[in-house]
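**Student:** Have a look at this one.
The values are calculated or read from the model by the stated rules, or taken from the named source; none is laboratory data. Small disclaimer: the values here were computed from a predicted structure and weren't measured. Note: ideal-geometry Cβ built from the backbone for every residue, glycine included; neighbour counts use all protein chains shown.
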Amino acid sequence: MKLLEHEGKKILARYGVTVPVSALVQADTMSVVLPYPLVLKSQVPVGNRKQAGGIVMVEQAEQFVPSRDKLFQTNINGHLPQCLLAEALIKAQAEHYVSFCYNTDTQSPALMLNKDGGTGISQARIFSVDILLGVENFFVRNALAQAGMPTSAELIAVIKKLWNIFSAERALLVEINPLFQTEAGEFIAGDAKIILDDAVVDPIARSFLNLAGDIGILASGGGASMLNIDILARAGGRAANYVEYSGNPPASIVKELTRTVLSKPNLRGCWVIGGTANFTDIYETMLGFAEGLRELQPKPTFPIVVRRDGPRQAEAFAMLRQVAADEGYNLHLFGPEISMAESARKLLLLINKV
Amino acid sequence: MSILIDQNTAMIVQGITGKEGGRAAQEMAAYGSLVLAGVTPGKGGQTSAGGLPVFDSVREARECFPEISMSLVAVPAPFVFDAVAEALYYGIKLINILAEKVPVSATVKMIALARFYKAIIIGPSSVGIISPGKAKLGSIGSSGMARTVFSPGPVGVISKSGGMTSEISKVLTDAGWGQSTALGIGGDILVCSDFVDVASQFEQDKETKAIVIFGEIGGTYEEKLADAMQNKTITKPVVALIAGQFADYLPPDTVLGHAGAIVSQGRGSAVSKINALRQAGALIAETPEDIPVLLTKVL
């Protein structure tokens, strides 16, 4: 779960990292008690807000309302803000990049540093954290020196606080970019990007993403889901969504997902696709699918291709056949006798016949 | 031969009195795995659904069965770290974690502990391990699927996805290519054993003649395998199927899974993985059905 800047800064402040004096701005906020000029920032969960017009300088009080209105109307990569953050302007002598995240190369957490802020993770220097040692002064001092950054006690303290957040909040990413360095040698967080671990904060979250295509996909497992969107694209079809239900989902969850996926307007087909299941109860899964289908209004007339194999597949298909006969669905069932790619081609043929 | 497990590997199931653990233990025994006991704190003295003795602790299980060398950790995610730590502390050298949604903060500690204890951990989110005809562990190939999907042979299968472990093995079996061992390493941000760790085991195994991997976007495990092939740590032929190319066409800032939260430095995309593997000499499949065709080119 990605936090908004103001949510992230609340956490930074709680752990003792200095953040600018600020006020939250709603659509009807008429003024803020901050010295001008101030910075007004759109609270959307995407990067590069500045280039997209999501961060503006407000020179004087009269400009506050028009700037506020403009930001609330500025769409940034598909996101409109629910609120804005007004902040005092910081006079910085230098701007740095600092973050903690995970590194699959070293199988460990990593401290990422760049003496020039504004850059991203892609250009920062990586320092692997030995999880058994943690983040001690020597480690931070050496990393800062190698990155060409000041090795002051103040900066070391900020980085150790960041590590405290990363480990205590069990975060996946804690990033300050830019980290302002003032003339007095203080360090102030100009931004905050914190990603929390869904396994900790939202363990039942399911990954769902709207795509631009017109074929609804219900795929089992993240791997099969991604692979089959690729396979469909190569066969000439376009997926309407990405979704995964892994493990052994109860019928109620599959029913809910079926409704979510198939209630998208202008669908031309539905592909229920999976490999050979290890332990997923196919009957339970397909029961959920059938229940979801039945609740759709209007009744779907587009072709539906199911390709699945696994425990209780025969029972599942007998049930689906009955449902299709009762409701008049354009339903086509396949087991492992045809490949996943072949079932994609069959679906596209059926769609083009309609 | 095979890697990690065979018919002589003495196993326990931690969490055997739970639904997943109980079912897995019975299916493992039915396939021929040497499952000796189960562990559930507070349930010591009971007998599991499959008739195995249940102990309160790994310590007591090992006192009774000193030959135990492997544990299937089938407890829910919040209890995984405790169960793994217990297994390591009492001398278990091979651990397989079934649970999904284990916090990354727990996984990273388990990775460090596995190094310290010189143990191998497969998972989290692992569908299990199967050495066809010998033994299986975890939920891989349940309900009799194991005998139709998997068959003994020369191909090592390593997959980030549980479902694709089986789908690929089925396609291989249908085409006449058996598997030495097939396993799911899990698709989490961090997994305790990555492609290189497992491929290094296959490299040592005389029976394994080729390695098949199923990878996904995010992280750099596929690129690390390409590096290991470049520096000749892995010399056996590799066939790779990599999912998630469509993600390259999504608007910037769209994050599938957790790809945005880890160091990638320009790597991590499907194209990056495919290019790295191809340059290292791997053959790239676009569908599971391509895999047996490509294998005939290298074997």
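**Student:** Restricting attention to segment A:196-225, which residues are touching a Lys or Arg at 6+ places or on another chain (Cβ under 7 Å), at the interface with chain B (Cβ under 7 Å from one of its Cβ atoms) and crowded, with 21+ Cβ neighbours inside 10 Å?
**Tutor:** Taking segment A:196-225 first, the residues touching a Lys or Arg at 6+ places or on another chain (Cβ under 7 Å) are A:197, A:199-200, A:203, A:212-216, A:223.
Filter again for at the interface with chain B (Cβ under 7 Å from one of its Cβ atoms), leaving A:197, A:199-200, A:203, A:223.
Of everything in segment A:196-225, those that are touching a Lys or Arg at 6+ places or on another chain (Cβ under 7 Å), at the interface with chain B (Cβ under 7 Å from one of its Cβ atoms) and crowded, with 21+ Cβ neighbours inside 10 Å turn out to be A:D197, A:A199, A:G223.
**Student:** Residues of segment B:97-123 being part of a helix (DSSP H, G or I), buried (at least 21 other Cβ atoms within 10 Å of the Cβ) and either touching a His at 6+ places or on another chain (Cβ under 7 Å) or not hydrophobic (A, V, I, L, M, F, W, C) (or both), which ones?
**Tutor:** Result: B:S105, B:T107.
**Student:** While we're here: Considering every residue within segment B:99-108, establish whether at least one is within 10 Å of chain A (Cβ to nearest Cβ) and at positive phi. Write out each step before concluding.
**Tutor:** As a first pass, look at segment B:99-108 and keep what is within 10 Å of chain A (Cβ to nearest Cβ): B:99-108.
Imposing the further condition that a residue be at positive phi reduces the set to B:101.
Yes, that holds for at least one residue.
**Student:** Oh, and also: What is the residue count in segment B:1-58 for residues that are of a type in the set (F, W, Y) and part of a helix (DSSP H, G or I)? Walk me through how you get there before you give the answer.
**Tutor:** So in segment B:1-58, the residues of a type in the set (F, W, Y) come out as B:31, B:55.
Checking which are part of a helix (DSSP H, G or I) leaves us with B:31.
Summing the residues that are of a type in the set (F, W, Y) and part of a helix (DSSP H, G or I) in segment B:1-58 gives 1.
**Student:** Among residues belonging to segment A:260-281 that are modelled with pLDDT under 90 and either part of a helix (DSSP H, G or I) or of a type outside the set (D, E) (or both), point out the one that is surrounded by the most Cβ atoms within 10 Å (Cβ to Cβ). It would help to see each step written out before you state the result.
**Tutor:** Within segment A:260-281, the first condition is being modelled with pLDDT under 90, and the residues that meet it are A:274-281.
Checking which are either part of a helix (DSSP H, G or I) or of a type outside the set (D, E) (or both) leaves us with A:274-280.
On the way: A:G274: 25, A:G275: 33, A:T276: 26, A:A277: 29, A:N278: 28, A:F279: 24, A:T280: 26.
Looking at the filtered set, the residue picked out is A:G275.
**Student:** Right, another one. Just one of (1) part of a strand (DSSP E or B); (2) surrounded by fewer than 16 Cβ atoms within 10 Å (Cβ to Cβ) trips up A:T29, so point out which.
**Tutor:** (1)
**Student:** Got a number for residues in segment A:298-332 being assigned to a helix (DSSP H, G or I) and touching a Cys at 6+ places or on another chain (Cβ under 7 Å)?
**Tutor:** Quick first cut of segment A:298-332, residues assigned to a helix (DSSP H, G or I) only: A:313-327.
This time we only want the ones that are touching a Cys at 6+ places or on another chain (Cβ under 7 Å), so: none.
So the answer is 0.
**Student:** Is it true that A:F289 is buried (at least 19 other Cβ atoms within 10 Å of the Cβ) and part of a loop (DSSP other than H, G, I, E, B)?
**Tutor:** On the way: buried (at least 19 other Cβ atoms within 10 Å of the Cβ): yes; part of a loop (DSSP other than H, G, I, E, B): no.
It is false that A:F289 is buried (at least 19 other Cβ atoms within 10 Å of the Cβ) and part of a loop (DSSP other than H, G, I, E, B).
**Student:** Of the residues that sit in segment A:226-259 and are of a type in the set (A, V, I, L, M, F, W, C) and assigned to a strand (DSSP E or B), which one is farthest from the other protein chains (Cβ to nearest Cβ)?
**Tutor:** To start, the set of residues in segment A:226-259 that are of a type in the set (A, V, I, L, M, F, W, C) comprises A:226-227, A:229, A:231-233, A:235, A:239-240, A:243, A:251, A:253-254, A:257.
Among the residues that remain, those that are also assigned to a strand (DSSP E or B) are: A:239, A:243.
Working: A:A239: 7, A:V243: 11 Å.
Looking at residues that are of a type in the set (A, V, I, L, M, F, W, C) and assigned to a strand (DSSP E or B), I get A:V243.
**Student:** Further, regarding this structure: If only one of B:A37, B:A61, B:A74, B:A25 is buried (at least 18 other Cβ atoms within 10 Å of the Cβ), small (G, A, S), more than 22 Å from the chain's Cα centre (by Cα) and at pLDDT 95 or above, which one is it?
**Tutor:** Working: B:A37 fails: more than 22 Å from the chain's Cα centre (by Cα); B:A74 fails: more than 22 Å from the chain's Cα centre (by Cα); B:A25 fails: more than 22 Å from the chain's Cα centre (by Cα).
After applying the criteria, what remains is B:A61.
**Student:** Still on this model: May I ask you to list pairs of residues, at least six apart or on different chains, whose Cβ atoms are under 9 Å apart, with the first in segment A:330-348 being within 10 Å of chain B (Cβ to nearest Cβ) and the second being among the polar types (S, T, N, Q)?
**Tutor:** Taking only residues 6 or more apart or on different chains, the pairs are A:P336/A:T276; A:P336/A:Q313; A:S339/B:T287; A:M340/A:N228; A:M340/B:T287; A:A341/A:N228; A:A341/B:T287; A:A344/A:N228.
**Student:** Next question. Mind checking whether some residue in segment B:178-198 is more than 22 Å from B:E27 (Cβ to Cβ), more than 8 Å from chain A (Cβ to nearest Cβ) and at pLDDT below 95?
**Tutor:** The answer is yes; a qualifying residue exists.
**Student:** Residues B:T220, B:T181: which one is closer than 22 Å to B:A247 by Cα, polar (S, T, N, Q) and surrounded by 22 or more Cβ atoms within 10 Å (Cβ to Cβ)?
**Tutor:** Details: B:T181 fails: closer than 22 Å to B:A247 by Cα.
Exactly one residue qualifies, and that residue is B:T220.
**Student:** Something else: Of the numbered conditions (1) out of contact with any strand residue (DSSP E or B) (no Cβ under 8 Å at 6 or more places or on another chain); (2) closer than 27 Å to A:T106 by Cβ, B:E63 satisfies every one except a single condition; which is it?
**Tutor:** Looking at each condition in turn, B:E63 falls short on (2).
**Student:** Check B:K232 against each of (1) without any contact (Cβ under 8 Å) to a residue 24 or more places away in the chain; (2) touching a strand residue (DSSP E or B) at 6+ places or on another chain (Cβ under 7 Å) and name the one condition it does not meet.
**Tutor:** Unmet condition: (2).
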